[in-house]
Amino acid sequence: MKTFAIRGRCAATPPPQSWREELARMLGARPRRIGTWAELGLYGALTCMAEAGEQALPPDAQIWLGSERGTYAATATVMAQMQDDLPMPLAFLQTQPSQLLALLAAQLGWNGHACFVAGTEPQALLRLAAAQCGAGGLLLGWVDEMQGGATNWLRLLPGGEVAGEGVALAADQLFAPGHTHVRIDGMSLRAFPSGAAILGEQGAR
Amino acid sequence: MKPVHLCGSGLACALGLDMKLALETLRQGGVAPSQITLPGMLGGSFPYRAIADSQKDWNERARQLVQRVAAEAGAQQAHNGVLFIATSSFDIGAVEQGGAQMDYRAFADKVATWLGWTGPVYAISTACTSSLNALIAAHALLAAGEEEEALVLGVELDNRMTPGGFAALQLLTRSDSKPFGAQRDGLVLGEAVAALRLSAREPSPWKLLGGANVVDGSQPTGASVAAVANMYRRALAASGLTAEQIDLIKVQAAGSPGNDAAEAQGLRDAFDTVPPLVSLKAAMGHTMGASGAAEIALLTACLEHDEWPRQEREIDAQLHVSLAAAAPENARRIMATILGFGGSHASVVLERA
């Protein structure tokens, strides 16, 4: 069982209409040669980090990313290209979800442990991440580009003791606003709403 | 922290459909690669280390191989544990045949059904480091007492997209793989299904001590010297060992001109005296997301059965490293390393009783 303080959040299902402009503003330029899925991931992660008031991740933080369909659009593009020629090299790279991890690492000035988990549930992703999490905490995201897109992220710090048992949280509500702490126990999620008494020193903002 | 034991392994690769056949083939000097033909100006014929079987239907072939390899690893003893599927290509070969859609969850469910798996299932995809990241994740769950059994299943099977992408990036050789070789000019890809069964309750001569993965975004398609050294230092720290305690390192050394050089330099930066090194890429090809599990399975079997891959190629003297001609005596503490796309550098540490 681990409890995390939520230091930053981006809950964007779907993202706002201006998300591409916002991403360009955060990056200082429009991203080039990366697919929509990776752009969505960058937008959500950087928005979450900005809300957390962090520009760079600490070296012992980890990035964990999940998705239901991931790079399926890039994969379809490459399969079409493969009908009568080799794919475009950068298009092929975009079929690998780990490319987004590298983009995030570069953008956040960080080298460390990052992992992509395919097709599971958000609470299962958090369970794996929590088992390996160190003092630097997690940047945990869930990104999909179908059905208007979704890019949901949390910046989580371990600790932050909270009073009471909290409330059971459905997996699809992990990224939703309204709680300052989240606890993972096996596959079970519990949320601690804003206003819950914080007993530890590492509370949310 | 509970100790985590490596209790069983299974392997199907170009060397053979099971470990016994793979060791026998290795003893006889290996097997010539097959060929794959790709379209376009940069396409043509490339060597490819395919698993030799005649089944053409991707799903049926995968089912047979997964069930066979999992059984060899003793997966039936872990069905209530956690299953990690490690892959970079999922079932894209089935998609190319019209036998699947691009759906991660459907793929994971399909594999779990083949195995009659009742515990949690995770699909890890970090390109070529997928299996090692799955091992690191499994180790964390077992060591923390959250699970008692785990199976790490590396799956990388025939499809056109992956070799097509590597060819487009001009990463493939048209001759053969030359790990750390003076004339190295690219990779030979291969197929593998490999299974490693981990347990926190069953003893075994092999222990998984821990590992580390370092993503360096400055090199999204290649290895970084600093990240290689950082990876080794972190893996040693996670395992509670020092560099001097390592008896053998299974390196990536896929035969890439740039990556092999970066890897060699990173090794020299992390180790004052570089331990004996071994590469299995020339024997089985680079099996991408399955490679971590496949190469650990083969290496531990080699050490148990006194087999060793032939290292006949001339090593690049400028790299200032060498490959061991024979297994080091009493090799107890072993590191296994894979480097991959996405700037991913991963290594795990095993200890033999």
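The values are calculated or read from the model by the stated rules, or taken from the named source; none is laboratory data. These numbers were taken from a predicted model, which means no experiment stands behind them. Note: ideal-geometry Cβ built from the backbone for every residue, glycine included; neighbour counts use all protein chains shown.
With the structure loaded, tell me whether residue B:29 is in contact (Cβ under 8 Å) with a residue 24 or more places away in the chain, exposed (fewer than 14 other Cβ atoms within 10 Å of the Cβ) and out of contact with any Leu (no Cβ under 7 Å at 6 or more places or on another chain) or whether it fails that test.
Here the answer is yes, as residue B:29 does meet what is asked.
Of all the residues that make up region A:80-101, how many are out of contact with any strand residue (DSSP E or B) (no Cβ under 6 Å at 6 or more places or on another chain), within 18 Å of residue A:46 (Cβ to Cβ) and of a type in the set (A, V, I, L, M)?
So the answer is 1.
Residue A:172 versus (1) surrounded by fewer than 20 Cβ atoms within 10 Å (Cβ to Cβ); (2) at pLDDT 90 or above: which is the lone unmet condition?
For residue A:172, the failing item is (2).
Scan region B:94-116 and give yes if some residue there is outside the structural domain of residue B:291 (by TED's automatic domain parsing), crowded, with 22+ Cβ neighbours inside 10 Å and not in a helix (DSSP H, G or I), otherwise no.
no
Tell me which of these residue A:30 doesn't satisfy, since it passes every other one: (1) more than 7 Å from chain B (Cβ to nearest Cβ); (2) without any contact (Cβ under 8 Å) to a residue 12 or more places away in the chain; (3) within 22 Å of residue B:289 (Cα to Cα).
Among (1) more than 7 Å from chain B (Cβ to nearest Cβ); (2) without any contact (Cβ under 8 Å) to a residue 12 or more places away in the chain; (3) within 22 Å of residue B:289 (Cα to Cα), the lone unmet condition for residue A:30 is (3).
Under the condition of being out of contact with any Asp or Glu (no Cβ under 6 Å at 6 or more places or on another chain) and either more than 24 Å from residue B:57 (Cα to Cα) or assigned to a strand (DSSP E or B) (or both), which residue from region B:76-91 is farthest from the other protein chains (Cβ to nearest Cβ)?
Result: B:76.
With the structure loaded, tell me whether residue B:64 is surrounded by 16 or more Cβ atoms within 10 Å (Cβ to Cβ) and among the polar types (S, T, N, Q) or whether it fails that test.
yes
Looking at region A:155-165, is at least one residue over 18 Å from the mean Cα position of the chain (by Cα), part of a loop (DSSP other than H, G, I, E, B), among the aliphatic types (A, V, I, L, M) and within 23 Å of residue A:1 (Cβ to Cβ)?
Start the filter on region A:155-165 by keeping residues that are over 18 Å from the mean Cα position of the chain (by Cα), which leaves A:159-165.
Of the ones still in play, those that are also part of a loop (DSSP other than H, G, I, E, B) are A:159-161, A:163-165.
Checking which are among the aliphatic types (A, V, I, L, M) leaves us with A:163.
With within 23 Å of residue A:1 (Cβ to Cβ) added as a condition, the list becomes A:163.
Within region A:155-165, one or more residues are over 18 Å from the mean Cα position of the chain (by Cα), part of a loop (DSSP other than H, G, I, E, B), among the aliphatic types (A, V, I, L, M) and within 23 Å of residue A:1 (Cβ to Cβ).
Quick check on residue B:215: is it more than 9 Å from chain A (Cβ to nearest Cβ), among the β-branched types (Val, Ile, Thr) and either under 20 Å from residue B:127 (Cα atoms) or surrounded by fewer than 23 Cβ atoms within 10 Å (Cβ to Cβ) (or both)? Steps first, please.
On the way: more than 9 Å from chain A (Cβ to nearest Cβ): no; among the β-branched types (Val, Ile, Thr): yes; either under 20 Å from residue B:127 (Cα atoms) or surrounded by fewer than 23 Cβ atoms within 10 Å (Cβ to Cβ) (or both): yes.
The answer is no for residue B:215.
If you scan region A:84-107, which residues turn out to be facing chain B (nearest Cβ under 8 Å) and surrounded by fewer than 21 Cβ atoms within 10 Å (Cβ to Cβ)?
Matches in region A:84-107: A:84, A:85, A:88, A:89, A:106, A:107.
Of the conditions (1) more than 14 Å from chain A (Cβ to nearest Cβ); (2) modelled with pLDDT of 95 or more, residue B:94 fails just one. Which one is it?
Failing condition for residue B:94: (1).
Can you pull out every residue in region B:217-231 that is touching a Gly at 6+ places or on another chain (Cβ under 6 Å) and modelled with pLDDT of 95 or more?
B:225, B:228, B:229
Please go through region B:298-353 and give me each residue that is of a type in the set (A, V, I, L, M) and without any contact (Cβ under 8 Å) to a residue 24 or more places away in the chain, ordered by number.
Those that are of a type in the set (A, V, I, L, M) and without any contact (Cβ under 8 Å) to a residue 24 or more places away in the chain: B:325, B:326.
With respect to residue B:59, is the statement that it is more than 7 Å from chain A (Cβ to nearest Cβ), at pLDDT below 95 and surrounded by fewer than 18 Cβ atoms within 10 Å (Cβ to Cβ) true?
No; evaluated as a whole, the condition is false for this residue.
Picking from B:194, B:167, B:182, B:243, which residue would you name as being surrounded by fewer than 19 Cβ atoms within 10 Å (Cβ to Cβ), among the small types (Gly, Ala, Ser) and outside the structural domain of residue B:268 (by TED's automatic domain parsing)?
Matching residue, one of B:194, B:167, B:182, B:243: B:182.
Taking residue B:129, is it hydroxyl-bearing (Ser, Thr, Tyr) and within 9 Å of chain A (Cβ to nearest Cβ)? Walk me through it before giving the result.
Numbers: hydroxyl-bearing (Ser, Thr, Tyr): yes; within 9 Å of chain A (Cβ to nearest Cβ): yes.
Yes: the conditions hold for residue B:129.
Just one of B:122, B:104 is within 11 Å of chain A (Cβ to nearest Cβ), closer than 16 Å to residue B:62 by Cβ, of a type in the set (Phe, Trp, Tyr) and without any contact (Cβ under 8 Å) to a residue 60 or more places away in the chain; which is it?
On inspection, the qualifying residue turns out to be B:104.
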